[in-house]
Amino acid sequence: MQNTTSITTSLEKEQVKMRTAAKEELLREWREEIKADPFLSPEIKTIIGFQIDKLGLYAYLDNEAALKSDVEPKGTVEKRLGSESAPAKPQPNAETKTVTIDDLVHVSFFPTRQKHSLTLDTSKAHRKEKESPRNRHSPKSMESPKRKDSLKGSDALKSSDCSKDKDPPATKNIEAAEFSKSQDSPKRKISSSSPRMFITEEETTDFPKRRKQSLKSSLNGKKDSSVTPGFFDTLPISQEILVEYLKYAKPYLEKADGNIDVLPDLDRPNIELIVTPHRDMKTNTEHPQKTVILIDRNQLEGEGAYNQVIRGFDLINRQYLAVKLLSPIVTATSREKEIENLKKRKWFYGCYRLTQVDQYALVMKLIPGDTLLETLYVIDPKVSKDHIYANYCPEKKKLSFELQFKIIASLMKQLAKLHDKYKLLHRDLKPANIKVYFANGKIKVRIIDLGDAIPVDSKAVELCGTDGYLDDRVSSLIDPVPFDIYADIFSAAVIIAEILTKSNYQQKIREEKSKVTADIVTPRISGWQIQKMLEDVFKPEPDEADNFGSFEDHERNMQNFILLELKKLAKKMLTTRLNGSSLTEEIERLDTIDKDCQQFSEEVRRYWDSCKQLEISTQQLQSTVNAIHERYTAGLFFPQKKFQINSIKSATECFKSIHTETEESSMKLFT
């Protein structure tokens, strides 16, 4: 039988739930009214929505704390900032099975947006793990233990930002936190169980509609295994530490001075909080309302020759950010150039000078998924990437034809977009600077790392790029030419060939470099050496002879034909740099081949179905092929050719003759 205390506690919890549901319904109606109001400008709607999100954050923490009644049992592992046991990024599986698009679909780290990431290892096991309920212990007390290693501040540091320093004018004044070194974090009281400090009782609200689903399990006091983990579940800190951090950030969030405050945690050197005005990356506008960005140097996303990229957490807007920690050798001019490039791409969030380690942090949009390097190869995490001869890609994965085609087509479109829309030359295209992920039912590719990018009309002559992907003309030590779009096209050609080849190109690059004894300076890999290393692509031959015994044979025939055309395209891009054509024209050609192949294949399927019913007829095949030919050659000034089709073999040969690329003998402009 329950005693009076337990009954009272249960009733109080039920009242909290009822109040929360009512607040949530009112807030949802409020948000819908704001969206539908024709008299409010988009800027005003953005500001109001931002305030709703801020209020929702504290309401979430308040509800979580109010529903807790137990302390976690002994032995429970708590995720803490700075912990060496933080979960490492999963490594791709070394299985040699063919990787298909079906292997790419699993939920990524964007839980509220239902994005999907491209990770090619053990997707079935990953889905099973997602479906299984998480073992979470409910707390036993509303009172949290007093934290001994509290957030403490350093001496007051007021350093000018990029805009007022001798450095680039991209950021603002940075004020470090001034916390008392002897002050411990206050012990959380039962009567004050959340850090809801910005709002009064009448301002208390809950989450907007788009976040209702992620809160259901929290409000019910238990986790729902079918719901994607929310933003706060992915933070590398416990809820108690999050509450304390927000309490310390409160005075800085309330300021409307436009300054940026960097709050270090001296007890956790890998942690810093950045209180900064909120920035809308899509419109490149800054709002006076502030947010808190948590950065943890242990959350490594990627690493280059000089800089590291870690994951940042926008605690107010609940979004993930990429934080590029710039090396001290990066000059102010280079930093400002990258900021301008990110603004053009609408990826720039802010530039801040950190205090724990004196360096700049460039904050930008975080692109999900894996790099193309991780997609193509099994990465050995035990091998260092610093040494030029280190082979950290011991095995190449086998990608399906469909996945290869979609990555190549999307890569070409992104490169054309970079050149035509954003007017930028990348100058360091390689698999490590390309992200691949699955979202909204499609394979998506993004070209990242714009640190070396320059305007298309800059005419810069300097050594830049990665050996094995760099155009001979711009890397020549005797008579180099300025960077242009053709240098990027050359690099893209090598990447396309690396996708199509069956050999391990990364290993061949290191083998080529190891032929030279000098460790510091090695000769550049020339274009003809690249062609030799990727000989199975740049000397294209059909993988196998065509067969015509079934519709499955037809599908293989079409795949082999398109693969052959992709190899010819890589050859054309490498040798001519598309000087007589353009990326846009080649993209249109690939799209046309893809669409025509689908139409032709549908007709071939009908042909084989009619064969089963002994109603064999090639008349419709002939009509389809001639219609495709007429559409493909529209606008050309020569008489239209009519094909005579008498078999599935002749129909296939006619289709290939329509779409085949020019002979390789014409690709001699730059060789």
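Points worth noting:
- Meets criteria (in the same structural domain as K396 (by the TED database) and outside any loop (DSSP other than H, G, I, E, B)) for R524: no
- Going through (1) surrounded by 13 or more Cβ atoms within 10 Å (Cβ to Cβ); (2) under 22 Å from D471 (Cα atoms); (3) among the charged types (D, E, K, R) one by one, E585 falls short only on (1).
Listed here are the residues, each with its yes/no results for (1) surrounded by 20 or more Cβ atoms within 10 Å (Cβ to Cβ); (2) within 23 Å of G465 (Cα to Cα).
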| site | (1), (2) |
| --- | --- |
| T285 | no, no |
| I329 | no, yes |
| R335 | yes, yes |
| R353 | yes, no |
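- If the condition is being under 28 Å from the mean Cα position of the chain (by Cα) and surrounded by fewer than 17 Cβ atoms within 10 Å (Cβ to Cβ), then the stretch 240-275 contributes only P269.
- Every pair of residues 6+ apart whose Cβ atoms lie under 6 Å, when the first sits in the stretch 27-41 and is free of Cβ contacts under 8 Å to residues at least 40 places away in the same chain and more than 15 Å from Q51 (Cα to Cα) while the second is hydrophobic (A, V, I, L, M, F, W, C) and surrounded by 14 or more Cβ atoms within 10 Å (Cβ to Cβ): none
- Residue that is surrounded by the most Cβ atoms within 10 Å (Cβ to Cβ) [pool: residues in the stretch 306-327 that are part of a loop (DSSP other than H, G, I, E, B) and in contact (Cβ under 8 Å) with a residue 60 or more places away in the chain]: I316
- One residue from A416, A390 being farther than 21 Å from K343 by Cβ and in contact with a helix residue (DSSP H, G or I) (Cβ under 9 Å, 6 or more places away or on another chain): A390
- The stretch 400-451, residues that are of a type in the set (F, W, Y) and part of a strand (DSSP E or B): Y437, F438
- Test set (1) assigned to a loop (DSSP other than H, G, I, E, B); (2) over 26 Å from R279 (Cα atoms) - L373 fails condition number: (1)
- Among the residues here, E498 does not qualify as in a helix (DSSP H, G or I), in the same structural domain as L463 (by the TED database), acidic (D, E) and modelled with pLDDT under 95.
- Subset of the stretch 24-43 (residues that are out of contact with any helix residue (DSSP H, G or I) (no Cβ under 7 Å at 6 or more places or on another chain), part of a helix (DSSP H, G or I) and either acidic (D, E) or surrounded by 15 or more Cβ atoms within 10 Å (Cβ to Cβ) (or both)): E25, E29, E32, E33, E43
- Among the residues listed as V323, V275, V357, the single one being of a type in the set (A, V, I, L, M) and at pLDDT below 90: V357
- Per the conditions (1) over 27 Å from D467 (Cβ atoms); (2) buried (at least 18 other Cβ atoms within 10 Å of the Cβ); (3) of a type in the set (D, E, K, R), the sole criterion not satisfied by D420 is (2).
- Within the stretch 240-252, residues that are in the same structural domain as L273 (by the TED database) sit with their Cβ atoms under 9 Å from residues that are in a helix (DSSP H, G or I), at 6+ positions apart or across chains, in these pairs: L242/L61; L242/F232; V243/L61; V243/A65; L246/L57; L246/Y58; L246/L61; L246/L253.
- I454 being among the β-branched types (V, I, T) and crowded, with 22+ Cβ neighbours inside 10 Å: no
The values are calculated or read from the model by the stated rules, or taken from the named source; none is laboratory data. Note that the structure is predicted; figures quoted are calculated from it, not measured. Every residue, glycine as well, gets a Cβ built from its backbone with ideal geometry; the counts of neighbours run over all protein chains shown.
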